[in-house]
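Working notes for the structure below.
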Amino acid sequence: MPNNVLAIFRILPEDDQVDLESLKRGIREAIPKGNENLYIHKITEEELAFGIKVLRVFIVMPPFFEGGTQPLEEAFSKVKGVGQVDVEIVQTLPG
């Protein structure tokens, strides 16, 4: 059986007034339910510039997730306060 996949998303807030804790909650709630192999491993904050921070969301997902990262990108982009969603890395996890 193929190994799970790690996808790292870079999420930029709409502006520097967005509450990052609220944004994290919204991202956690946006994950599609019903698949135990799809979950957030961690969310980190990184300084971008001029006090603006970006979130990096580390998602573990099954190897053959329907639509790939597209459904997650769409779900995250609908979260209140999200300005931009980029997929940075998609790689197979070691078994």
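The values are calculated or read from the model by the stated rules, or taken from the named source; none is laboratory data. From a predicted model like this one, the values you see are computed outputs, not experimental measurements. In this analysis, Cβ positions are derived from the backbone assuming ideal geometry, glycine residues included, and neighbour counts consider all displayed protein chains.
At a glance:
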| quantity | calculated |
| --- | --- |
| Residue list for the range 20-45, filter: at pLDDT below 95 and either in contact with a Phe, Trp or Tyr (Cβ under 6 Å, 6 or more places away or on another chain) or of a type in the set (D, E, K, R) (or both) | LYS33, GLU36 |
| PHE50 being hydrophobic (A, V, I, L, M, F, W, C) and touching a strand residue (DSSP E or B) at 6+ places or on another chain (Cβ under 7 Å) | no |
| Verdict on ALA49 being farther than 18 Å from VAL79 by Cβ, among the aliphatic types (A, V, I, L, M) and out of contact with any Pro (no Cβ under 7 Å at 6 or more places or on another chain) | yes |
| Test result for ILE27, over 24 Å from PRO2 (Cβ atoms), free of Cβ contacts under 8 Å to residues at least 60 places away in the same chain and either in contact with a helix residue (DSSP H, G or I) (Cβ under 8 Å, 6 or more places away or on another chain) or loosely packed, with under 13 Cβ neighbours inside 10 Å (or both) | yes |
| Candidate set from the range 28-75 (those that are of a type in the set (Gly, Ala, Ser) and over 12 Å from the mean Cα position of the chain (by Cα)); member that is farthest from ILE8 (Cα to Cα) | GLY51 |
| Identity of the residue in the range 47-95, of a type in the set (Asp, Glu) and modelled with pLDDT of 95 or more, that ends up nearest to LEU6 (Cα to Cα) | GLU88 |
